[in-house]
Amino acid sequence: MLPFDVILFDVGGVLLTNGWDHCERAEIMAKFRLDPAAFEARHPAPNDKWERDLISLEQYLDATVFYEPRSFSKEDFFAAMCAESIELADGALGILREIAASGKYMVGVLNNEARATNEYRFQAYGLRDCIDVALSSCYLGLRKPEAAIYRRALDILGKPAERILFIDDRAENAAGAAAAGMTAIRFEGAEALRRQLEEFGVFATR
């Protein structure tokens, strides 16, 4: 018997760089010569709504950047945001693809991401070809580490919590999954993850 029925991955910080975390935002503020303190003061509330798909990309940008005239367009700004998304050095994208290719498990993502950046990242890195289910905050209207997102994931998957493995780089998100009864791994690099998966029996021991 396989050790799990479902293996779920976070995306930012596990497979790819974070889509729009503080480091990425700082890069873009410098690129467009914006005041980072002014942006960060405006960012939290609209970002929470954006990641829950309660507001659009345009509404998020209006609230955080384009509340006054700019010398660049929203299209320019969003393109720069997307350019921050690259495959994570020492990330788990190769491991996800390997597990997906085995055909042994249902494979999915459980991530916090706004619709526009989520769909860009899925397409740019072929994630839809590797996963069976996308449990993204923009589709569920919930965000990690809220308990409700893990309950919703369990409802959708229809599998016992103990038959689900979740991999996330943030301790609070892994803890939320564990509290819901899932097996959780905090991601600390591809080699460490591979060893842990070998210990669980997902991969054969080398």
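The values are calculated or read from the model by the stated rules, or taken from the named source; none is laboratory data. Keep in mind the model is a prediction, meaning the values are calculated, not measured. Positions of Cβ are generated from backbone atoms using ideal geometry, with glycine treated the same way; all protein chains shown enter the neighbour counts.
Out of region 38-55, which residues are part of a helix (DSSP H, G or I) and surrounded by 13 or more Cβ atoms within 10 Å (Cβ to Cβ)? Give the steps one after another, and end with the answer.
As a first pass, look at region 38-55 and keep what is part of a helix (DSSP H, G or I): 38-42, 44-51.
The answer is Ala38, Phe39, Glu40, Arg42, Pro46, Asn47, Asp48, Lys49, Trp50, Glu51.
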Exercise. Confirm whether Phe122 is buried (at least 18 other Cβ atoms within 10 Å of the Cβ), touching a residue at least 40 places away in the same chain (Cβ under 8 Å), aromatic (Phe, Trp, Tyr) and on the phi < 0 side of the Ramachandran plot.
Key: no
Practice problem: Inspect all residues belonging to region 125-135 and state whether any of them is free of Cβ contacts under 8 Å to residues at least 60 places away in the same chain, in the same structural domain as Leu165 (by TED's automatic domain parsing), aromatic (Phe, Trp, Tyr) and within 28 Å of Asp155 (Cβ to Cβ). | Solution: no
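Evaluate region 105-112: report whether one residue or more is assigned by TED's automatic domain parsing to the domain that holds Asn173, hydrophobic (A, V, I, L, M, F, W, C) and farther than 21 Å from Asp168 by Cα.
Applying the first criterion (assigned by TED's automatic domain parsing to the domain that holds Asn173) to region 105-112 yields 105-112.
After this cut, where a residue has to be hydrophobic (A, V, I, L, M, F, W, C) as well, the list is 106-107, 109-110.
Subset that is farther than 21 Å from Asp168 by Cα: none.
Taking every residue of region 105-112 in turn, none turns out to be assigned by TED's automatic domain parsing to the domain that holds Asn173, hydrophobic (A, V, I, L, M, F, W, C) and farther than 21 Å from Asp168 by Cα.
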Practice problem: Taking Met29 as meeting all but one of (1) touching a Lys or Arg at 6+ places or on another chain (Cβ under 7 Å); (2) free of Cβ contacts under 8 Å to residues at least 12 places away in the same chain, write down the number of the exception. | Solution: (1)
Exercise. State whether one or more residues within region 90-109 are free of Cβ contacts under 8 Å to residues at least 24 places away in the same chain and closer than 26 Å to Leu142 by Cα.
Key: no
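Any idea how many residues of region 101-132 are touching a Lys or Arg at 6+ places or on another chain (Cβ under 6 Å) and assigned to a loop (DSSP other than H, G, I, E, B)? So that I can check it myself, show each step before the final result.
Our first condition is that a residue be touching a Lys or Arg at 6+ places or on another chain (Cβ under 6 Å); within region 101-132, this holds for 112, 122, 130.
Next, only the ones that are assigned to a loop (DSSP other than H, G, I, E, B) stay: 112, 130.
Summing the residues that are touching a Lys or Arg at 6+ places or on another chain (Cβ under 6 Å) and assigned to a loop (DSSP other than H, G, I, E, B) in region 101-132 gives 2.
Quick check on Asp169: is it among the charged types (D, E, K, R), without any contact (Cβ under 8 Å) to a residue 60 or more places away in the chain and not assigned by TED's automatic domain parsing to the domain that holds Ile55?
Values: among the charged types (D, E, K, R): yes; without any contact (Cβ under 8 Å) to a residue 60 or more places away in the chain: no; not assigned by TED's automatic domain parsing to the domain that holds Ile55: yes.
Considered against the rule, which asks whether it is among the charged types (D, E, K, R), without any contact (Cβ under 8 Å) to a residue 60 or more places away in the chain and not assigned by TED's automatic domain parsing to the domain that holds Ile55, Asp169 comes out as no.
Checking the condition of a type in the set (Asp, Glu), outside any helix (DSSP H, G or I) and either more than 22 Å from Glu198 (Cα to Cα) or in the same structural domain as Ala30 (by TED's automatic domain parsing) (or both), which residue from Glu75, Glu58, Glu68 passes?
Glu68
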Quiz prompt | Lone qualifier among Leu197, Leu142 - being more than 18 Å from the chain's Cα centre (by Cα) and either assigned to a strand (DSSP E or B) or surrounded by 18 or more Cβ atoms within 10 Å (Cβ to Cβ) (or both) | solution = Leu197
Quiz item: Can you name the residue in region 156-180 that is in contact with a strand residue (DSSP E or B) (Cβ under 8 Å, 6 or more places away or on another chain) and assigned to a loop (DSSP other than H, G, I, E, B) and, of all such residues, is nearest to Pro145 (Cα to Cα)?
Solution: Arg170
Quiz item: Within region 1-52, can you find the residues that are at pLDDT 95 or above, small (Gly, Ala, Ser) and within 17 Å of the chain's Cα centre (by Cα)?
Solution: Gly12, Gly13
